[in-house]
Amino acid sequence: MKTYLVGGAVRDKLLDYPVTEKDWVVVGATPNELLNQGFKQVGKDFPVFLHPKTGEEYALARTERKSGSGHQGFQVFASKDVTLEEDLIRRDLTINAMALDENGQLVDPYNGSKDIELKLLRHVSLAFSEDPLRVLRVARFAARYHHLGFKIAEETQVLMKDLSRSGELKTLSAERVWKETVRAIGEKSPHRYFQVLRDCGGLIDWFPEIECLWGIPNPEKWHPEIDTGVHTMMVLEQCALLSEDTSTRFAALCHDLGKGVTPKDQWPSHRGHEKNGVAVIDELTKRLKIPTSFTRLAKIVSEFHLHLHRVEELTPKTIVKVLEKTDAFRKPERFERILTACEADFRGRTGFEKRDYPQSQLMRNALEACKEISTSEIIRQGYEGKQIAEEIHRQRISRVKHIGD
């Protein structure tokens, strides 16, 4: 029995990248041998075991055979006779098909280390085409390592396009698609995930609301980049520089989805796209079963981002209305995420990337001024029932009106 460190831990160690988790392959062993050593088996159809002390995953060396459609359509075969090379060849990319033995020696039968030097994401074998999830995984790795200069090999791009055209992406579960997507959104260059999927036709089945944005024009006065799809990617790129929070990045991604339903005869104007985007976000998030917290934040940013951009032009009454409708008083941390997404939208335009966004501080000042109001004092003055809320609202407007006096 031999044990090897495999997959991402080996890849990231060679890249001098943070190793977040370790996976192991055991060659020449049976399930009973691992169970007798105190390992705990997880799953009935998959020979994976948890180490009794570290909790890390140890998988028996295995091969797979395509037996049906989709990501789940495989028969797994594990035995003492399966070699490490046979186990590694079933993996998606060469950089994920390396191992380290117990002495720290690299086992690299498919030249993953060479592709690390070349900064290439390349499939290991034609078995790549048997699993549609690999389209999303490659896109995620592109987002993860874009800043290091990694590209996708041309021959791998061909397979990704073939998989996208085959309709196999539709067989994936919504939960699995979202799991890959939210991981990609959390990477250093999340915009690359969506760009890669678009290039191979992989947005159409699960993200049609995003796919349709390319080719939709904006007024050049406000958007020198013109194209809404290009702008959306620039906004997501800027948001990744401003925040690591995935819900904020998702809101930035979705802020202009309402432009996808603007009638062509109204282009390049998109009057009302802020509120139109709310229903579009609902469709997308229901399809992917996205958490409510993500959905709610995205809908608020869509509906109110233009208000925040124009805060200097708004009346005190409208500013207070925005603060109340975004629930800023009860959820100030979420309001900060709203401000961040709006700043990313402002900067996600050609020539605006380094500009200041004073609107955020103006809204913070308004919020802080309103927080100084004492509800107990209002009650002490004799206000009751609905009168209390009305007086709080009136005082908020007054406080915002006199900021800076």
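Right, Asn36: modelled with pLDDT of 90 or more, more than 30 Å from Leu148 (Cβ to Cβ) and among the polar types (S, T, N, Q) or not? Break it down stepwise before answering.
Details: modelled with pLDDT of 90 or more: yes; more than 30 Å from Leu148 (Cβ to Cβ): yes; among the polar types (S, T, N, Q): yes.
Criteria met by Asn36.
In this structure, is Lys80 over 20 Å from the mean Cα position of the chain (by Cα), more than 30 Å from Met233 (Cβ to Cβ) and assigned to a helix (DSSP H, G or I)? Reasoning before the result, please.
On the way: over 20 Å from the mean Cα position of the chain (by Cα): yes; more than 30 Å from Met233 (Cβ to Cβ): yes; assigned to a helix (DSSP H, G or I): no.
It is false that Lys80 is over 20 Å from the mean Cα position of the chain (by Cα), more than 30 Å from Met233 (Cβ to Cβ) and assigned to a helix (DSSP H, G or I).
Select from segment 10-49 the residues that are free of Cβ contacts under 8 Å to residues at least 60 places away in the same chain and of a type in the set (A, V, I, L, M) and write down the one among them that is farthest from Glu117 (Cα to Cα).
Across segment 10-49, the extreme among qualifying residues is Leu35.
Select, from Lys321, Lys299, Lys286, the only residue that is among the basic types (Lys, Arg), part of a helix (DSSP H, G or I) and surrounded by 19 or more Cβ atoms within 10 Å (Cβ to Cβ). First the steps, then the outcome.
Numbers: Lys321 fails: surrounded by 19 or more Cβ atoms within 10 Å (Cβ to Cβ); Lys286 fails: surrounded by 19 or more Cβ atoms within 10 Å (Cβ to Cβ).
Answer to the selection: Lys299.
At least 2 residues that are under 14 Å from Leu88 (Cβ atoms) in each: list the strands (runs of 3 or more DSSP E) lying fully within segment 1-66 that qualify. Walk me through it before giving the result.
Values: elements: 2-6, 23-27, 40-42, 48-50, 57-60, 62-66.
Answer list for segment 1-66: 2-6, 23-27, 57-60, 62-66.
Kindly provide the set of residues from segment 11-43 that are β-branched (Val, Ile, Thr) and exposed (fewer than 13 other Cβ atoms within 10 Å of the Cβ), ordered by number.
Filtering segment 11-43 for residues β-branched (Val, Ile, Thr) gives 19-20, 25-27, 30, 42.
Result: Thr20, Val42.
Just the residues that are over 21 Å from Ser360 (Cα atoms) and touching a helix residue (DSSP H, G or I) at 6+ places or on another chain (Cβ under 7 Å), please, taken from segment 256-274.
To start, the set of residues in segment 256-274 that are over 21 Å from Ser360 (Cα atoms) comprises 257-273.
Within segment 256-274, Leu257, Gly258, Lys259, Gly260, Val261, Thr262, His270, His273 qualify.
Which one of Glu187, Glu175, Glu130 is in contact (Cβ under 8 Å) with a residue 40 or more places away in the chain and in contact with a strand residue (DSSP E or B) (Cβ under 6 Å, 6 or more places away or on another chain)? Break it down stepwise before answering.
On the way: Glu187 fails: in contact with a strand residue (DSSP E or B) (Cβ under 6 Å, 6 or more places away or on another chain); Glu175 fails: in contact with a strand residue (DSSP E or B) (Cβ under 6 Å, 6 or more places away or on another chain).
It is Glu130.
What number goes with the only condition from (1) touching a Pro at 6+ places or on another chain (Cβ under 9 Å); (2) surrounded by 20 or more Cβ atoms within 10 Å (Cβ to Cβ) that Cys254 does not pass?
Status for Cys254: all satisfied but (1).
Hey, Gly404 hits all of (1) part of a loop (DSSP other than H, G, I, E, B); (2) at pLDDT 95 or above but one; which does it fall short on?
All conditions are met except number (2).
Can you report the number of residues in segment 5-40 which are at negative phi and under 31 Å from the mean Cα position of the chain (by Cα)?
Taking segment 5-40 and keeping what is at negative phi, we get 5-6, 8-15, 17-27, 29-37, 39-40.
From what is left, the residues that are under 31 Å from the mean Cα position of the chain (by Cα) are 5-6, 8-15, 17-25.
Selection size over segment 5-40: 19.
Filter segment 99-127 down to residues that are within 27 Å of Val182 (Cβ to Cβ), of a type in the set (Val, Ile, Thr) and touching a residue at least 60 places away in the same chain (Cβ under 8 Å), then give me how many there are. Steps first, answer last, please.
Applying the first criterion (within 27 Å of Val182 (Cβ to Cβ)) to segment 99-127 yields 112, 115-116, 119-124, 127.
Keeping just the survivors that are of a type in the set (Val, Ile, Thr) gives 116, 124.
Okay, now just the ones that are also touching a residue at least 60 places away in the same chain (Cβ under 8 Å), so 116.
The total comes to 1.
The values are calculated or read from the model by the stated rules, or taken from the named source; none is laboratory data. Since we're looking at a predicted model, the values are computed, not measured. Every residue, glycine as well, gets a Cβ built from its backbone with ideal geometry; the counts of neighbours run over all protein chains shown.
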